[in-house]
Amino acid sequence: MLTIFGQKQQFCDGISRRSFLQIGAFSFGTASLTLADILRAEAGGIGVSPVGAGSNRHKAVINIFLGGGPPHQDLWDIKTEAPAEIRGEFKPIATKVPGIQIGEVFPQIAARMNKCIIIRSVVGATGGHDAYQCTSGWPHSSLRSLGGRPSIGAVAAKVLGPVDPSVPPFAGLAARTQHVPWSDAGGPGFLGPSYAAFKPDGPGMANMTLHGISVETLADRRRLLASFDSLRADLDSSGVYKTMDAMTERALGVLTSSKLVEALDLRKESDKVRARYGDGKPYQFQYDGAPTANDHLLLARRLIEAGVRVVTLSYGRWDSHSENFKLVRDHGSKFDQGFSALIDDLDARGMLRDVTVIAWGEFGRTPRINKQAGRDHWPQVSCALLAGGGMKTGQVIGATNRLGEYASNRPVTFGEIFATLYHNLGIHPEMTTITDPTGRPQHIIDSPVLHEVV
């Protein structure tokens, strides 16, 4: 990476002049890509947002991954008629929608049930302790030989491109967890690393900092490019200089723009707003997973406002093999505050109809409580909570049997949920394809939308 230190310019790590386009290189997954690379890739996209670039309103998704597998029967599907060894400690409470009850740990969400949708019958989990199905809608095995299926954020970046040239369309907020798959923002799959999530931590943010040089100096393109006379001559002789120059100029625009940096600065928010979200501290039951970082929910709203289309974050560590009820009381009460604040915030800003929020995990948990007062893995059925996106809210979709063992009514697949998320983004799931490395068009999902909500 080229590092600029005031009036003195130097190349670190022995990188040649040909690497000068790596100014402001972001960290995408395991690869370090230049902004110019990313912008070139985006220039080859197959569509633009119906709202249009530069619009103050755009369709977006906030995907909250409850890593570890939350217990469905202790959140949104309380089993009052089951025996004690299955029912557990929690009682149901009424919500704003008559006839819908949820767990007692979520009184604020209950008061906003008219703006939410509960799916109690998510099926098809492969049982992996990772976010893959919750970010892509596909199992790991699908197109694995080609690099795997791209996540919804990568697809949105490819199909719709950026809302604002200075803001990446796909962002992942989760810091790296000890169990790494729980902090996966969703991979680019066969689309390649150009479409991976921007992660505003570590190298990603460090590379957005100008060390001792003013924006005015950096923006002086002639002065910057004067340092690369030999490269410029090579490019001119090959006839591609003008194209490269335009992409580099856009990359410099991202680097010098304050929009993304400001979106990530929570100090811009009032103390009152930040207090409504809370910070989710003290972090408990975290172990090898994500913290209950309520401020990430606020950051997600700010990033969407700035122009990001898909924000993924990992909230808490729900792998409750022991002390399940203590964990749910801790994580659940914090999530209740943060999720409710996010819904209110989006609504107050006129964004809720355009932004779909979903919270879910990779699978459910066993009906029977184990000897450690925990629940073990149960991929047979799980749950999801959705809000916004212009959907028909205030309803429950699906049901499990009396013991919470399996979907007894209206099983819902990951694919159906993703078809709905794509629909809400303005992408037609039935018609949209993306080309894989072999040149073959691949459907982004192979399921219909949830007819109950659209």
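No value in this document is a laboratory result; all are computed from the given coordinates. Since we're looking at a predicted model, the values are computed, not measured. Virtual Cβ from ideal backbone geometry, glycine too; neighbours counted across all protein chains shown.
The table below gives the values:
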| read-out | value |
| --- | --- |
| Environment charge at R274 (Cβ cut-off 13 Å; Lys +1, Arg +1, Asp -1, Glu -1) | +1 |
| Net charge over other residues, Cβ less than 15 angstrom from the Cβ of H321 (K, R count +1; D, E count -1) | 0 |
| Segment 86-206: radius of gyration and largest Cα-Cα distance (Dmax), Å | 18.5, 52 |
| Overall form of segment 52-149 per C-alpha gyration tensor (a/c, 1.5; a/b vs b/c) | oblate |
| Contour minus Cα-Cα distance for R440 and D288 (0.36 nm per residue) | 50.8 nm |
| Lysines whose Cα lies under 18 Å from that of K158, excluding same-chain neighbours fewer than 8 positions away | K59, K199 |
| Net charge contributed by nearby residues that have their C-beta within less than 13 Å of T393 (K/R +1, D/E -1) | +3 |
| Segment 317-324 - phi-based ³J(HN,Hα) in whole Hz, Karplus 6.51/-1.76/1.60, Gly and Pro as x | 10, 9, 7, 8, 5, 9, 6, 4 |
| Eligible lysines near K91 by straight Cα distance, threshold 30 Å, same-chain separation 8 or greater | K79, K115, K281, K326, K334, K371, K392 |
| Net length gained if the chain between S322 and K268 were fully extended (0.36 nm per residue, minus Cα distance) | 15.5 nm |
